[in-house]
Each structure stands twice: as structure tokens, then as C-alpha cells.
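For reference, the structure discussed in these notes is given below.
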Amino acid sequence: MFIRKAKMEDLDQITALEAVCFLPTEAADRERLKGRVENFPECLWVGFDDYMRLICFVGGPVTKEADLTDDMYGDPSYHDPQGDWQMIFTVCTAPDEQGKGYASIVMQRMIRENKALGRKGIVLTCKKEKIHFYEKFGFMNEGISESVHGGAVWYQMRLTFDEEYHYEHMFDISDNPYENKQMFEEAFWGSQC
């Protein structure tokens, strides 16, 4: 898998992936996604297969606000490059590629980059059945969020970077896609035993 930051040329694929990964009431439409790519592409990680087909997308704005609110979804002006908290609106993987560890690889890359930038941490909301997935990365469940986005019940999850945070459970993601492929294959096949 090749991981990089989103570009406007990715908008069609990002829009299509968002539409298949979320319910229509939850998915961002093309205009919202365009606003995100225009305003904070450095906070949108995209993962491609060997044929440059988008298979995974993770991202959202950086803000000084400590909690993710529904207002943020539709207003890219919340993004503040000097902010303390990386908000994650989207973690999605192509349905035919789910369960293969791609989202984990992109999440690890995003976590590593945010820690290196000196941010306080990362905040996202998820549905109850996804809590365990985010706990694997060190996110703490803060309970039911005030968000009513898409009419769903969301749980706020927070990963705080401090001296207690360790990377021993994470892979070292390289900028070289061939090294990532080898690492992923070893992780994937190891998990199948």
C-alpha cells in the first residue's frame, strides 16, 4: 500500500469511498469533501493499492478545540494548523479490502505524524462496535458523544500523547511503499495463523 496526503485529483475516489463506507445520512457529500481537501489536505491520509486505486482514507481537521462537535463536519474553517488536536472525521476502507489491516496501517502513520508534530493527541467518534478497533491504538473511550451526526449514537475516543504513550504496539510505517507492503504481508499472514 502506498500512503500519501490527499490531493484534489483524488476527490472522485474519496467521494466514492466515503459513499460506500457510511450511511447516506452520515457520509460527507462531494462538496464537503472538496472543502476538506482544499482546506486541510495535510490532514487527510490516503492509501492506494498497486494500481493506484484508493483503498483507505483517514482524516479530519486540526483544531484547538478538545472535543469533536457536529459543527466541525460542515465548516472547514475550524481547521487551525497550529491546533493541539487532530480530529478524525473519516476512517474508511473499501469493502472488498476490509479486514486486511489497511486502516490500521494508515492510522498508525497518522498517529506517528501527529505525535511528531507535537500535538496533544487525536479525537474521533465511532459507533459502539468500533470501540475495540480504536482501543488497539491507545484511544480511550470517553463515553457517548454529544454528536448526533447522521442520527447515530457516537462514542468519543481520545488518544493523548504524553510521556506514558508508547509505540510498542505499532508498526514503523515507511514512506517507501515496498517496505510497507512487506511489513503488511508479514503482519497479515502472521494474523492468519
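Please treat every number below as a calculation from the coordinates, not as lab data. The shown structure was predicted, so the numbers you read here are calculated from the model rather than taken from an experiment. For neighbour counting, all protein chains shown are included, and Cβ atoms are generated from backbone atoms with ideal geometry for every residue, glycine included.
Those residues that are surrounded by 14 or more Cβ atoms within 10 Å (Cβ to Cβ) and over 13 Å from Ser145 (Cβ atoms), I need them from region 76-88; list them, please. If the condition is that a residue be surrounded by 14 or more Cβ atoms within 10 Å (Cβ to Cβ) and over 13 Å from Ser145 (Cβ atoms), then Pro76, Tyr78, His79, Asp80, Gly83, Asp84, Trp85, Gln86 are the ones that fit.
Scanning region 28-84 for residues that are touching a Cys at 6+ places or on another chain (Cβ under 9 Å) and aliphatic (A, V, I, L, M), we see that the one that is farthest from Arg158 (Cα to Cα) is Val46. Among the candidates Gly121, Gly143, the residue that is crowded, with 20+ Cβ neighbours inside 10 Å, over 19 Å from Ala6 (Cα atoms), without any contact (Cβ under 8 Å) to a residue 60 or more places away in the chain and among the small types (Gly, Ala, Ser) is uniquely Gly121.
Looking at Glu18, Glu42, Glu38, just one residue is under 16 Å from the mean Cα position of the chain (by Cα), surrounded by fewer than 16 Cβ atoms within 10 Å (Cβ to Cβ), farther than 22 Å from Glu135 by Cα and in contact (Cβ under 8 Å) with a residue 24 or more places away in the chain, and that residue is Glu42.
Only residues that are in contact with a helix residue (DSSP H, G or I) (Cβ under 9 Å, 6 or more places away or on another chain) and either in a strand (DSSP E or B) or hydrophobic (A, V, I, L, M, F, W, C) (or both) were counted in region 120-139, giving 8.
Are there any pairs, at least 6 apart or on different chains, whose C-beta atoms fall under 9 Å, with the first in region 76-93 and touching a residue at least 60 places away in the same chain (Cβ under 8 Å) and the second assigned to a helix (DSSP H, G or I) and hydroxyl-bearing (Ser, Thr, Tyr), and if so, which? Hits for this filter: Phe89/Tyr73; Thr93/Tyr102.
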